[in-house]
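Below is one structure; the comments refer to it alone.
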Amino acid sequence: MNKTAALIFTEKGIYCPNGNFYIDPWRPVDRALITHAHADHARPGHNRYLSTDIAAPVLKHRLGAISLETISYGETRQIGSAIVSFHPAGHVPGSAQICVEVNGEIWVVSGDYKTVADNLSTAFEPVKCHSFVTECTFGLPAFRWMAQEHVFGEINQWWAKNAASGAVSILGAYGLGKAQRLLSGLDLSIGKVLTHSAVEGTNRVMRQQGIALPETEQIMPETDGKGQSGALILAPPSALGSVWSRRFGETSSAFASGWMGLRGVRRRRAADRGFVISDHADWSGLNAAIKATRAENIYVTHGYTDVFSKWLKSEGYNAQIVPTEFTGETVDIEDME
Amino acid sequence: MKRFATLISQLEATTKTALKTQALVQYMSLAPKKDRLWCLALFSGRRPKRTVTASQLKEWSADAANLPLWLLEETYSVVGDLAETIALILPKADKKYDRSLTEWIDDLRLLTKLNIEEKKQFILNSWCALSDQERFVFNKLITGGFRVGVSQKLMTRAVAQATSKPEAEIAHRLMGNWTPDQTDWHTLIEAENFTADFSRPYPFFLSHALENAPQELGSPTEWFAEWKWDGIRGQVIVRGGDCFVWSRGEELVSDQFPELQKFLDNIPDGTVIDGEILTWKDEAPLSFNLLQKRLGRKTVPKGLLQSAPVILYAYDILEWQGQDVRDQPFQYRRAILEALCDNKSLALPLRLSPSISFQDWSDLEDVRAKARDQRAEGLMLKNLASHYQAGRKKGPWWKWKLDPLNIDAVMIYAQAGHGRRANLYTDFTFAVWDGSDLVPFTKAYSGLTDAEFRQISTWVRKNTLQRFGPVRQVTPYHVFEIAFEGIHESLRHKSGVALRFPRMARWRQDKMAQDANSLDDLKDMLKIYG
């Protein structure tokens with residue numbers, strides 16, 4: 001890595017020497033630019049944070065009293081001799097790709113992204129750059145998502161069937177982003193939607209900032225478990241099959257995640273159903289996004305980095321793997337997806 | 001095939017046995033009879049002969065998906081199932097063929113007559129005309145092995161419900177070496193006289209491990225005890241002038257054990273004996289290792305017949321003088337067996353499993369403690385009034401095995417599993433210390449919970465020292481308690497020992513790598529138990 005590079009990869013994370021800041025660092029630093037509020041990107045302990053205005057409320061909700069500046073999509077800001085801007089990544093509300101320009105050299109760090117619009121997050125916008133740091137959580141051709149309307153159709157059908165037989169449907173999904181996206185696609189004429197506290201906390205924050213979400217009812221310790229027949233419960237994946245879930249009597253369980261596209265994972269999770277819906281780009285989404293940046297240098301991170309970088313090389317890109325602390329090839333982050 | 005693909009989806013869309021049974025019952029009642037028969041065949045491992053190789057499928061599907069072959073291979077290693085991988089990467093179907101399961105299978109079988117180009121055309125065309133789920137099923141028909149969480153027991157129950165017949169009868173009907181070519185739904189499932197097939201074995205009666213103190217079984221006078229041996233559970237059938245030997249895995253193994261053909265002229269026609277096949281010399285069993293050499297062969301060389309001769313250690317009699325005696329009490333069956341063995345057995349490769357007499361349960365505890373001296377695994381307890389049932393049941397029979405041996409070992413290699421375990425590191429190689437070196441001595445795959453496998457998989461990914469294809473060498477760090485049933489000398493293994501039924505009993509997170517056992521510890525065990 002030569003001295004003039006706009007971004008370099010360090011032990012603490014992606015670093016901009018000209019601006020003296022890090023992007024999604026995993027060790028405490030002075031200044032951190034945060035792509036989105038998921039725990040593997042937004043860690044506690046930094047002196048100063050910068051995120052989009054839309055991401056800020058959830059970030060504060062999760063990290064507590066932090067020193068946080070905000071920026072709007074598309075707005076540019078100079079930090080040291082670097083020019084920084086945040087662009088919609090379509091992953092969760094407020095998620096951003098971070099664009100860093102130093103001496104005319106443009107880098108974009110994707111964070112996590114999804115190229116297909118979902119009516120909840122600001123839709124992904126490709127940003128032209130010289131170097132693109134891309135996630136590749138689902139960077140294998142086996143991952144191809146169906147249109148979300150189709151998946152919502154499946155979920156509602158499952159819910160309606162359970163409701164008709166008097167059973168409670170428990171849908172496991174990550175509490176920030178996925179849960180709200182599902183909520184926006186549920187057919188509320190079927191029944192009422194109950195939430196686990198981990199999901200409702202984020203719902204509340206998002207409602208307060210003006211994101212429209214359908215009505216939900218948080219499950220409290222005194223909630224009558226047996227009186228909820230026909231309802232759908234949104235809960236974090238860890239709550240499924242737990243003691244918590246047993247109070248509802250007859251239930252049918254499901255997970256909603258991109259990993260549910262694999263039979264092995266589906267069977268291992270031992271839920272009744274697995275719905276394939278992800279907040280990440282699928283194989284064709286990743287390839288299209290990379291192409292749209294017109295970048296020559298592609299740095300891959302978070303996912304099947306070995307395979308995906310080899311593929312990009314065969315497609316003529318100058319592709320490299322970003323060294324990261326999160327060397328997991330995926331299923332580690334099954335629950336975070 | 002839509003109906004069959006739907007059945008597979010239904011079976012996979014629930015973890016509840018009742019719903020799985022319901023889906024199967026529906027299929028077994030409504031599908032065309034030929035398809036039902038094939039469904040039974042496929043779910044019981046009777047798959048059609050392969051007409052297309054896995055490498056052809058890989059090559060053609062990579063072609064059709066416009067992907068390099070190496071990428072397909074990498075994807076396969078993550079997905080963990082070739083049929084599924086191919087179904088996932090192919091472009092969506094643009095045509096539609098509506099053909100029954102049987103028609104597809106017949107078409108696939110006809111491929112043997114075609115040249116490679118014609119085969120390829122057929123496969124590519126078929127892929128273009130099938131929905132994602134049908135495509136997966138179609139690929140499975142070629143690659144074989146439907147694992148959809150349907151046990152023999154579940155299938156038996158579903159057929160029984162669909163046909164209003166008793167489960168035990170269906171279990172019996174489904175035994176043996178029938179294929180959809182030699183029979184039909186009516187003959188196999190519905191016909192009155194289904195015992196016409198002389199080779200058909202009875203379903204094995206299997207036991208659970210004793211959970212509580214034997215005292216809770218009640219009066220010792222109602223129970224029979226015998227040694228439990230580590231051989232191959234088998235059923236020998238003398239019927240219609242032929243002698244058939246079946247293993248517990250429902251494989252016909254008559255050719256592997258030709259000495260048992262001596263039963264033919266010495267045991268009356270219409271006799272079926274349940275027992276253990278053991279290698280045997282000087283009226284004592286030899287090691288299981290030796291018995292293993294007899295398996296998986298078409299013919300047994302003379303040398304092996306001499307170095308590893310087998311006998312049938314008789315536990316029970318299921319048919320006598322052409323009559324099914326399984327519903328008689330054990331005591332009655334045992335009397336017949338004793339009379340039969342008493343007359344002939346010494347001249348034949350047949351021994352009666354001796355009854356162990358005991359006054360009270362504590363006597364039996366002392367006997368059990370000595371099982372390893374006898375090369376036995378423990379004891380079997382059988383209620384004297386028990387019928388010979390089908391499948392694994394609790395109550396009338398119990399196995400009361402010795403506690404396993406165990407040793408603490410360091411994990412040094414890890415490999416990802418397949419199917420349900422795809423993408424998880426589940427297959428480990430373990431080592432013990434030899435001075436400052438670690439010597440691998442066993443592999444183990446089972447014993448951890450899914451959560452533990454997930455945790456160790458994350459660790460493996462972060463602590464890989466080197467990769468050898470799918471195998472990762474990891475930092476020697478984690479210690480596991482390996483439990484096993486026996487230990488034998490082995491010249492093939494670097495450590496000089498081979499274990500019987502090794503599995504992970506516990507993840508010893510409280511121990512450091514240097515706290516693991518040594519090769520000397522293993523060799524001491526070999527001296528005592530080998």
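Observations, loosely collected:
- Coupling constants for the range B:144-156 follow from the phi torsions by the Karplus curve (6.51 cos²θ - 1.76 cosθ + 1.60, θ = phi - 60°), and in residue order they are x, x, 7, 10, 10, x, 10, 7, 4, 5, 5, 5, 4 Hz; glycine and proline get x.
- Taking chain B and dividing mean pair separation by its residue count, relative contact order in percent (alpha carbons under 8 Å, at least six apart): 12 percent
- 12 Å beta-carbon shell around B:G322, net charge (K/R +1, D/E -1): -2
- Positive-end residue, the range A:21-158 charge dipole about Cα centroid, Cβ charges, pick of A:A117, A:C99, A:A56: A:A56
- The orientation-averaged projection of the convex hull spanning the C-alpha atoms of the range A:185-284 amounts to 7.8 square nanometres.
- Chain A, relative contact order [Cα under 8 Å, separation at least 6], %: 17 percent
- Near B:N423, the amide H atoms lying under 5 Å from its own belong to B:G417; only residues 5 or more places off or on other chains count, and H is placed 1.01 Å from N.
- Size of charge dipole - the protein assembly as shown - debye, nearest 20, with Cβ of Lys, Arg +1 and Asp, Glu -1, no other charges: 900 debye
- Most fluctuating residue given options A:A173, A:A295, A:A147, as computed from a GNM of chain A linking Cα atoms under 10 Å: A:A147
- Cα centroid separation, the range B:308-360 to the range B:1-38 (Å): 41 Å
- Taking the Kirkwood radius as Rh and the Cα radius of gyration as Rg, the range B:205-394 has a ratio of Rg/Rh equal to 0.96.
- Pair-distance profile P(r), taking every C-alpha pair of the range A:12-96, with 5 angstrom steps and integer %: 3, 16, 29, 27, 19, 5, 0
- Across the range A:139-201, the convex hull enclosing all Cα atoms gives 106 Å³ per residue.
- Across all directions, the average projected area of the convex hull around the alpha carbons of the protein assembly as shown is 41.4 nm².
- HN-Hα J in Hz across the range B:116-121 - Karplus 6.51, -1.76, 1.60, θ = phi - 60°, x for Gly and Pro: 5, 5, 5, 4, 4, 4
- With 5 Å bins beginning at zero, the pair-distance distribution over Cα atoms of the range A:107-235 amounts to 2, 9, 17, 18, 18, 14, 9, 6, 3, 2, 1, 0 %.
- Under-5 Å amide H pairs with A:I14, H placed in peptide plane, nonlocal only: A:I23
- The value of relative contact order for the range A:148-275, using C-alpha pairs under 8 Å at least six residues apart, is 35 percent.
- Among A:D53, A:D282, A:D30: highest mean-square fluctuation, GNM of chain A, C-alpha pairs under 10 Å: A:D30
- Cα-centred dipole magnitude for chain B, charges only on beta-carbon of K, R (+1) and D, E (-1), debye, nearest 20: 1360 debye
- Spatial offset of the range A:38-117 relative to the range B:140-198 amounts to 61 Å, using the alpha carbon center of each.
- For the peptides A:132-142, B:21-31, the ranking by mean Cβ contacts within 10 Å, running from highest to lowest, is A:132-142, B:21-31.
- Dipole of the range B:2-143, positive end: most advanced residue of B:A93, B:A18, B:G80 [Cβ charges, Cα centre]: B:A18
- With the charge dipole of the protein assembly as shown set up from +1 on Lys and Arg Cβ and -1 on Asp and Glu Cβ about the Cα centre, the Cα lying farthest toward the positive end among the listed residues B:G469, B:P180, A:T305 is that of B:P180.
- A cut-off under 14 angstrom between Cβ atoms defines the neighbours of B:V471, and their net charge, with Lys, Arg +1 and Asp, Glu -1, is +3.
- Computed from Cα atoms, the angle from the helix A:283-293 axis to the main principal axis of chain A rounds to 30 degrees.
- Evaluated at q = 0.10, 0.18, 0.23 Å⁻¹, the base-10 log of the normalised Debye intensity for the range B:263-372, with identical point scatterers placed on the Cα atoms, takes the values -0.38, -1.04, -1.25.
- Net charge of neighbours whose Cβ lies under 11 Å from the Cβ of A:M146, counting Lys and Arg as +1 and Asp and Glu as -1: -2
- Principal axis box of chain A, alpha-carbon based, largest edge first, Å: 65, 44, 29
- Helix-only CD estimate at 222 nm, as mean residue ellipticity for chain B, using -39500 (n - 2.57) per DSSP H run (n ≥ 4): -10500 deg cm²/dmol
- Value of D in µm² per second that Stokes-Einstein yields for the range B:95-159, Kirkwood Rh from Cα pairs, at 37 °C (0.692 mPa s): 246 µm²/s
- Whole-Hz Karplus values for the range B:8-13 come out as 4, 4, 4, 5, 7, 8 Hz, taken residue by residue from phi with 6.51 cos²θ - 1.76 cosθ + 1.60 and θ = phi - 60°; glycine and proline positions read x.
- For the range B:241-262 and the range A:188-215, distance of Cα centres in Å: 66 Å
- For the range B:2-143, the spread of Cα positions along each principal axis, largest first, Å: 43, 34, 28
- Summarised as an ellipsoid, chain B has semi-axes of 40, 35, 22 Å, derived from the eigenvalues of the Cα gyration tensor scaled by 5 and square-rooted, with the largest first.
- Excluding exposed DSSP-loop GluC sites (Glu not before Pro) (at most 11 other C-beta within 10 Å), longest clean stretch of chain B: B:284-530
- When +1 charges are put on Lys and Arg Cβ atoms and -1 charges on Asp and Glu Cβ atoms, the dipole computed for the range B:405-529 relative to its Cα centre reaches about 620 debye.
- Residues whose placed amide H lies under 5 Å from that of A:T251, excluding near-sequence neighbours: A:V168
Each value in this text was obtained by applying a stated rule to the coordinates, not by laboratory testing. Keep in mind that what you see is a predicted model, and the values were worked out from it rather than measured. Note that each Cβ is placed from the backbone with ideal geometry, even for glycine, and that neighbours are counted across all protein chains shown.
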